[in-house]
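The structure appears below as structure tokens.
The values are calculated or read from the model by the stated rules, or taken from the named source; none is laboratory data. Keep in mind that this is a model prediction, so the values were computed, not measured. Cβ placement follows ideal geometry from the backbone for every residue including glycine, while neighbour counts extend to all protein chains displayed.
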Amino acid sequence: MILAFDTSSAACTAALFDGAGECVARKDEMIGRGHSERLVPMLDELLKGRKADRILVGVGPGSFTGIRVGVAAAHGLAIGWSVEVSGMSSLALIAASAGSPGEVAVAVSGGHGELFVQEFEGAQPKSDLLNLAPDQAAAATKAERVVGTGAAALVGARGWGEAREAWPSAAHALDLPEELRNLSPRPIYARAPDARPRQAA
């Protein structure tokens, strides 16, 4: 069995897949904050005593704290169960969860008013992952449909397109291309940290 979960956004989402890749259980909750309190009880409710043979965890980009909570939980379970853990792209998971056929741009609100943006065909990446101000993101994207927490900001900046809020759902984890669900299980922050080392005098 494969256990997949993502805590990179306001959603706390988890899914369990059988050996044939069928989703046999799922939970999707909009919790805003508090992933550290909700994730483990959610996984207990989902698993009902079962143990997975592999873990997929959303590695971002997205909420700095949420990503760290998910990655830490995945590593803890992997050690306890002696199983493999892999990372999956949270933006690709949003694209797969949005159910929009054809090209779609995913825009997620980042720090300092910036956006994480990437374009997809289904869940297949069509551009690099970028971290840009809304006006720069507007110039860098071409897809008519834009989904994610930053969709309205991007569409507003460029003055055209269809914006729709969307969040990741772990039930679509196996819809991701192999390379985007076989990432290193480490956070992808996609931007430089706010704290910088002091320069020598």
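Output yes when any residue across the range 147-154 is over 30 Å from M1 (Cβ atoms), hydroxyl-bearing (S, T, Y) and in contact (Cβ under 8 Å) with a residue 60 or more places away in the chain, and no when none is. Scanning the range 147-154 turns up at least one residue that is over 30 Å from M1 (Cβ atoms), hydroxyl-bearing (S, T, Y) and in contact (Cβ under 8 Å) with a residue 60 or more places away in the chain. Evaluated against (1) loosely packed, with under 14 Cβ neighbours inside 10 Å; (2) under 27 Å from D28 (Cβ atoms); (3) modelled with pLDDT under 95; (4) not aromatic (F, W, Y), R198 falls short on exactly one condition, (2). The condition of being of a type in the set (D, E, K, R) and under 15 Å from the mean Cα position of the chain (by Cα) holds for only one of D6, D44, that being D6.
Is it true that some residue in the range 8-17 is buried (at least 24 other Cβ atoms within 10 Å of the Cβ), in contact with a Phe, Trp or Tyr (Cβ under 6 Å, 6 or more places away or on another chain) and part of a loop (DSSP other than H, G, I, E, B)? Within the range 8-17, one or more residues are buried (at least 24 other Cβ atoms within 10 Å of the Cβ), in contact with a Phe, Trp or Tyr (Cβ under 6 Å, 6 or more places away or on another chain) and part of a loop (DSSP other than H, G, I, E, B). Of all residues in the range 24-47, those being in contact with a helix residue (DSSP H, G or I) (Cβ under 6 Å, 6 or more places away or on another chain) and more than 24 Å from T149 (Cβ to Cβ) number 1. Please go through the range 104-120 and pick out each residue that is of a type in the set (D, E, K, R) and either modelled with pLDDT under 95 or touching a helix residue (DSSP H, G or I) at 6+ places or on another chain (Cβ under 8 Å) (or both). Passing the criteria: only E114. Taken as a whole, the structure leaves G62 outside the set of residues that are outside any loop (DSSP other than H, G, I, E, B), at pLDDT below 95 and surrounded by 24 or more Cβ atoms within 10 Å (Cβ to Cβ).
One residue stands out among those in the range 83-121 that are under 19 Å from R181 (Cα atoms) and free of Cβ contacts under 8 Å to residues at least 40 places away in the same chain: the one that is surrounded by the most Cβ atoms within 10 Å (Cβ to Cβ), which is V117.
Could you say which residue among D18, D6 is over 30 Å from A137 (Cβ atoms) and either touching a Pro at 6+ places or on another chain (Cβ under 6 Å) or outside the structural domain of Q136 (by TED's automatic domain parsing) (or both)?
Values: D6 fails: over 30 Å from A137 (Cβ atoms).
Result of the check over D18, D6: D18.
Criterion first (of a type in the set (K, R), surrounded by 16 or more Cβ atoms within 10 Å (Cβ to Cβ) and assigned to a strand (DSSP E or B)) does R26 satisfy it? Spelling it out, R26 is indeed of a type in the set (K, R), surrounded by 16 or more Cβ atoms within 10 Å (Cβ to Cβ) and assigned to a strand (DSSP E or B). Filtered by the rule that a residue be under 20 Å from D175 (Cα atoms) and in a loop (DSSP other than H, G, I, E, B), the range 76-131 gives S89, G99, S100, P101, G102, G122, A123, K126, S127, D128, L129.
When the residues of the range 161-192 are narrowed to those that are assigned to a loop (DSSP other than H, G, I, E, B) and among the hydrophobic types (A, V, I, L, M, F, W, C), which ends up modelled with the lowest pLDDT? Among those residues, the one meeting the criterion is A192.
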